[in-house]
Amino acid sequence: MRRFSILFISLCLSGWSTLSAQDRPNILFAFADDWGRHASIYAEVDGPGTESDAVQTPHFDALAREGVLFENAFVNAPSCTPCRSSLLSGRHFWQTGTAAILQGAVWDDSLPAWPLLLQDSGYHIGYTWKVWSPGRPANAPYGQRANAYAPAGSSFNGFSQTATRMIEGGKTIEQAREQMREQVRGNFRAMLKAQQDRPFAYWFGPTNVHRKWIKGSGKALWGIDPDSLKGKLPPFLPDVHAVRQDFADYLGEVQAFDMALGVLVEELKANGQYDNTLIVVSGDHGPAGFPHGKCNLYDFGTRVALSVTGPGVTGGRVVSDLVSLPDLAPTFLEAGGVAVPDAMSARTLWPTLRSSEEGLVDANRTQVYMGRERHVAQARQGHLPYPQRAIRTKDYLLVINFEPDRYPLGDPYRLEEGPEPSVDELTNQTFVTLPDEDAGPTKAWIVSHRRDPGVQPFFAHAYGKRPREELFDLRRDPHQMNNVANDPQYSGTLVELRNRLMETLRATDDPRLVGEGCFFETPPMSGPLK
């Protein structure tokens, strides 16, 4: 645990607003695309027998041990742009206008954005690679005014592809890794050089954990044996070699991200800025191309890794508070001594971070809210969304599917009629069928084997239509496989959670409840929110 002077501790306890500009902490936000809750430290927390047993993330683990590890961190929306819109603005994704969708999103400049507020207060803000990029970068709230730092290159974002080419060209695995480390190092050093005497807020946004990756790269580059996952995959994934290999390759990209995280920490220490840097590490949703993952409101899609380390944080703790990533916006502003705008509906994490307690620290953090509308426009005929909202408590998950007659992960193009898509198409082309789940070997294996009696239940569970309400008892069903919404034993719980969810949606002016959701239902989304 870090040692601080008595003066600095007292300033932390009394609030960041008392700090002068040069004393305010730096902020390093490492945010991995499509990284769910998979890290070796979670295997320790959860106990053996999970898929995290197969991954090694020593740098994330070290930060989490020094700081606070969150067991129950959730995104507000399991899709890139709406997740980032909610995180930047400190609001629910449905409160961000057209920034609540992926394709065609436009940022509303009237929304608060914590990096720009920090910049206005004197911070140097910068980023490397992805922050908010829905197709119109000029409107990106961070990229519009922040400084992009990638002079050393961007090939880290295709880590397995780049490293494989290097090895085929004669380099060793370690030489390939070192070249990728130098790319991360060079970009970060460029930002530090431009910092001058200001505190910085730097967003490190690699996309390597996002598909695609090279088949077999998990084992070839990181030594992750696919069959070490046998018997450890969650029950919504077929426990076959093709799926285990796909997941091992995903975990390999997680280890590459962790390697980069180690470079950033190393540079902070070499630069003398480690002790005055708030380091937050997380991901924008669960893995893509797997059932229950990206674009799903089940835990595999919405529950993510989160650690917070640095000045003012009472470290060495594991916290079970249910937190939502938009809570990071007011947390960052408070760290920088910036007033939190009234428009931010999220709540700062600082009471939990400053506490010395473990387990449930904040008695008010017993639920989080989530949802989604549209991921890709091509998913359903007429560009229609798949509107969902959910409330997650310690013991239950309730999901409301507002349009249960639609397919949750997109229309099954070419499966009900027309030529059967090839395995190569299913593996490599996102939009060939069920496009709200990204393409990949797991999806290809399930779809191509969907007529096999042993596989059909996996296909129906992942891609079939869902009832209006799904209720899961997490004490008995941690993987959300058995919907008990129609079980009389749970009728009281169902009514209570439904009321709490709908009250929150009304209180936060969710457009889904106005005019039968016309704002989200009419593409392109335009016009004022009502």
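From the list 443, 394, which residue is over 27 Å from residue 250 (Cα atoms) and among the charged types (D, E, K, R)? It would help to see each step written out before you state the result.
Values: 443 fails: over 27 Å from residue 250 (Cα atoms).
After applying the criteria, what remains is 394.
All but one of (1) within 20 Å of residue 406 (Cα to Cα); (2) within 25 Å of the chain's Cα centre (by Cα) hold for residue 429, so report the exception by its number.
Only one criterion is unmet by residue 429, namely (1).
Give the range 44-79 a look and list any residue that's part of a helix (DSSP H, G or I) and under 16 Å from residue 299 (Cα atoms), or say none. Reasoning before the result, please.
Of the residues in the range 44-79, the ones part of a helix (DSSP H, G or I) are 44-46, 51-54, 58-66.
Result: 46, 51, 52.
Would you mind stating whether residue 161 is within 22 Å of residue 250 (Cβ to Cβ) and surrounded by fewer than 16 Cβ atoms within 10 Å (Cβ to Cβ)?
Details: within 22 Å of residue 250 (Cβ to Cβ): yes; surrounded by fewer than 16 Cβ atoms within 10 Å (Cβ to Cβ): yes.
Yes; evaluated as a whole, the condition is true for this residue.
Output the residues belonging to the range 414-437 that are free of Cβ contacts under 8 Å to residues at least 24 places away in the same chain and of a type outside the set (A, V, I, L, M).
Keep residues of the range 414-437 that are free of Cβ contacts under 8 Å to residues at least 24 places away in the same chain, which gives 414, 416-420, 422, 424-427, 429, 432-433.
Within the range 414-437, 414, 416, 417, 418, 419, 420, 422, 424, 425, 427, 429, 433 meet the criteria.
Only residues in the range 329-345 that are assigned by TED's automatic domain parsing to the domain that holds residue 117 and of a type in the set (Ser, Thr, Tyr) count as the first member; pair them with residues that are surrounded by fewer than 18 Cβ atoms within 10 Å (Cβ to Cβ) and modelled with pLDDT of 95 or more, Cβ under 7 angstrom, at least 6 apart or cross-chain, and list the lot.
Final answer for the pair search is 345/508.
For residues that are more than 17 Å from residue 435 (Cα to Cα) and among the β-branched types (Val, Ile, Thr), scanning just the range 357-392, find the one that is surrounded by the fewest Cβ atoms within 10 Å (Cβ to Cβ).
Only one residue fits best here, namely 366.
It is to be established whether one or more residues within the range 499-508 are within 21 Å of residue 370 (Cα to Cα) and of a type in the set (Gly, Ala, Ser). Even if it seems obvious, please write down each step before you answer.
Filtering the range 499-508 down to residues within 21 Å of residue 370 (Cα to Cα) leaves 499-508.
From the residues that got through so far, the ones that are of a type in the set (Gly, Ala, Ser) too are 507.
Checked against the condition, which is being within 21 Å of residue 370 (Cα to Cα) and of a type in the set (Gly, Ala, Ser), the range 499-508 yields at least one hit.
Of all residues in the range 164-204, count the ones that are free of Cβ contacts under 8 Å to residues at least 40 places away in the same chain, buried (at least 17 other Cβ atoms within 10 Å of the Cβ) and among the β-branched types (Val, Ile, Thr).
Here the count works out to 0.
If residue 477 meets every condition in (1) acidic (Asp, Glu); (2) within 24 Å of the chain's Cα centre (by Cα); (3) within 27 Å of residue 85 (Cα to Cα) apart from one, which number is that one?
(3)
Which of the residues that make up the range 257-281 are part of a helix (DSSP H, G or I) and either hydrophobic (A, V, I, L, M, F, W, C) or touching a Gly at 6+ places or on another chain (Cβ under 7 Å) (or both)? Don't jump to the end; show me each part of the working.
Kept after step one, since they are part of a helix (DSSP H, G or I), are these residues of the range 257-281: 257-270, 274-276.
Hits for the range 257-281 are 257, 259, 260, 261, 263, 264, 265, 268, 270.
Which of the residues spanning the range 337-356 are surrounded by fewer than 19 Cβ atoms within 10 Å (Cβ to Cβ) and charged (D, E, K, R)?
342, 354
Between a first residue in the range 439-466 that is closer than 26 Å to residue 389 by Cβ and assigned by TED's automatic domain parsing to the domain that holds residue 426 and a second residue that is modelled with pLDDT under 95 and not in a loop (DSSP other than H, G, I, E, B), which pairs have beta carbons less than 7 Å apart while being 6 or more apart in sequence or on different chains?
Between residues of the range 439-466 that are closer than 26 Å to residue 389 by Cβ and assigned by TED's automatic domain parsing to the domain that holds residue 426 and residues that are modelled with pLDDT under 95 and not in a loop (DSSP other than H, G, I, E, B), the close pairs are 443/426.
Quick one: residue 445 ticks every box in (1) outside any helix (DSSP H, G or I); (2) surrounded by 15 or more Cβ atoms within 10 Å (Cβ to Cβ) bar one, so which box is it?
(1)
Listed here are the residues, each with its yes/no results for (1) modelled with pLDDT of 95 or more; (2) surrounded by 24 or more Cβ atoms within 10 Å (Cβ to Cβ); (3) over 21 Å from residue 319 (Cα atoms).
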{"position": "23", "(1), (2), (3)": "no, no, yes"}
{"position": "26", "(1), (2), (3)": "yes, yes, yes"}
{"position": "40", "(1), (2), (3)": "yes, no, no"}
{"position": "62", "(1), (2), (3)": "yes, no, no"}
{"position": "71", "(1), (2), (3)": "yes, no, no"}
{"position": "78", "(1), (2), (3)": "yes, yes, yes"}
{"position": "93", "(1), (2), (3)": "yes, yes, yes"}
{"position": "106", "(1), (2), (3)": "no, no, yes"}
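Exactly one condition in (1) out of contact with any Ser or Thr (no Cβ under 6 Å at 6 or more places or on another chain); (2) in a helix (DSSP H, G or I) is false for residue 471; which is it?
Failed condition: (2).
How many residues does the range 160-214 hold that are among the hydroxyl-bearing types (Ser, Thr, Tyr) and either in contact with an Asp or Glu (Cβ under 7 Å, 6 or more places away or on another chain) or closer than 26 Å to residue 285 by Cα (or both)? Break it down into steps so the answer makes sense when it comes.
If we filter the range 160-214 for residues that are among the hydroxyl-bearing types (Ser, Thr, Tyr), which is where we start, we get 160, 162, 164, 172, 202, 207.
This time we only want the ones that are either in contact with an Asp or Glu (Cβ under 7 Å, 6 or more places away or on another chain) or closer than 26 Å to residue 285 by Cα (or both), so: 160, 162, 202, 207.
Total meeting the criteria: 4.
Checking the condition crowded, with 24+ Cβ neighbours inside 10 Å and either at pLDDT 95 or above or part of a helix (DSSP H, G or I) (or both), which residue from 311, 287 passes?
Selected residue: 287, the only one of 311, 287 that is crowded, with 24+ Cβ neighbours inside 10 Å and either at pLDDT 95 or above or part of a helix (DSSP H, G or I) (or both).
If you scan the range 452-476, which residues turn out to be buried (at least 16 other Cβ atoms within 10 Å of the Cβ) and farther than 20 Å from residue 409 by Cβ? Before you say what the answer is, go through the steps one by one.
Initially, the range 452-476 is screened for residues buried (at least 16 other Cβ atoms within 10 Å of the Cβ), giving 455, 458-459, 462-463, 466, 469-473.
Those that are buried (at least 16 other Cβ atoms within 10 Å of the Cβ) and farther than 20 Å from residue 409 by Cβ: 471, 473.
Which residue out of 436, 509 is out of contact with any His (no Cβ under 8 Å at 6 or more places or on another chain) and of a type in the set (Asp, Glu)? If you could, list the steps in order and put the result at the bottom.
Working: 436 fails: out of contact with any His (no Cβ under 8 Å at 6 or more places or on another chain).
509 is the lone residue from the list that is out of contact with any His (no Cβ under 8 Å at 6 or more places or on another chain) and of a type in the set (Asp, Glu).
The values are calculated or read from the model by the stated rules, or taken from the named source; none is laboratory data. The structure presented is a predicted model; accordingly, all values stated were derived computationally and were not measured. Glycine gets a Cβ as well: all are built from the backbone with ideal geometry, and neighbour counts include every protein chain shown.
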